[in-house]
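Chemist: Here it is, the structure in full.
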Amino acid sequence: VSAIAIPNIVDSLPGFRLRSAARDIVSSLQEAKMRAVKENADACISFDVAGNEYEAWVDSDGDRTIDPGETVFNDVALETGIEFDQGNTTEAVLGFNSRGLPATSVGSVFIKNSKSGYRRIIVSTAGNIRVQKSSDGTNWN
């Protein structure tokens, strides 16, 4: 029985990791939104698409870059086997203002795994955050 179960678990790990990475990005975006309101300042997340990592910080001066003295509250490298989909990610920096609305232009962040699984994390003009999934990176639901 274990000879059958272990390969199935190993095959499903890329899907688990993809869902986990998408949840982590959504959580970071939600935290940025809450911190922006709490601190009465912009809070941003910068996505290093080539490096497969992202940083979140309170952007006190609103310049969309991390400056000395600004609080970095999240610094995350994507798990092994998960990467940003470089061709589709539309914004390198997403952020929120003190009213919880997008402080930067709205956009999407795309991640993918090694088994043709994709997730798109979207920030809308109203500041809502949602996730869509795809098996080909083109058709989303």
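Chemist: How about the range 97-127: which of its residues are of a type in the set (Val, Ile, Thr) and open to solvent by 50 Å² or more (accessible area, probe 1.4 Å)?
Modeler: VAL106, THR125
Chemist: Please work out which residue is least open to solvent (accessible area, probe 1.4 Å), limiting yourself to the range 45-63 and to residues that are farther than 17 Å from SER105 by Cα and polar (S, T, N, Q).
Modeler: ASN52
Chemist: In this structure, does ARG130 turn out to be of a type outside the set (A, V, I, L, M, F, W, C), open to solvent by 30 Å² or more (accessible area, probe 1.4 Å), over 17 Å from TYR54 (Cα atoms) and under 12 Å from the mean Cα position of the chain (by Cα)?
Modeler: When the stated conditions are applied, ARG130 passes them.
Chemist: From the residues in the range 19-75 that are among the acidic types (Asp, Glu) and part of a loop (DSSP other than H, G, I, E, B), which one is farthest from LYS115 (Cα to Cα)?
Modeler: Of everything passing the filter in the range 19-75, ASP61 is farthest from LYS115 (Cα to Cα).
Chemist: Kindly indicate the residue of the range 72-91 that is open to solvent by 60 Å² or more (accessible area, probe 1.4 Å) and among the aliphatic types (A, V, I, L, M) and also farthest from ASP136 (Cα to Cα) among those meeting that condition.
Modeler: So the residue we want is VAL72.
The values are calculated or read from the model by the stated rules, or taken from the named source; none is laboratory data. Owing to the predicted nature of the structure, the values given are computational and were not obtained by experimental measurement. We work out accessible area using only protein heavy atoms, side chains counted, and drop any ligands, DNA or RNA first. Shrake-Rupley method; radii C 1.70, N 1.55, O 1.52, S 1.80 Å.
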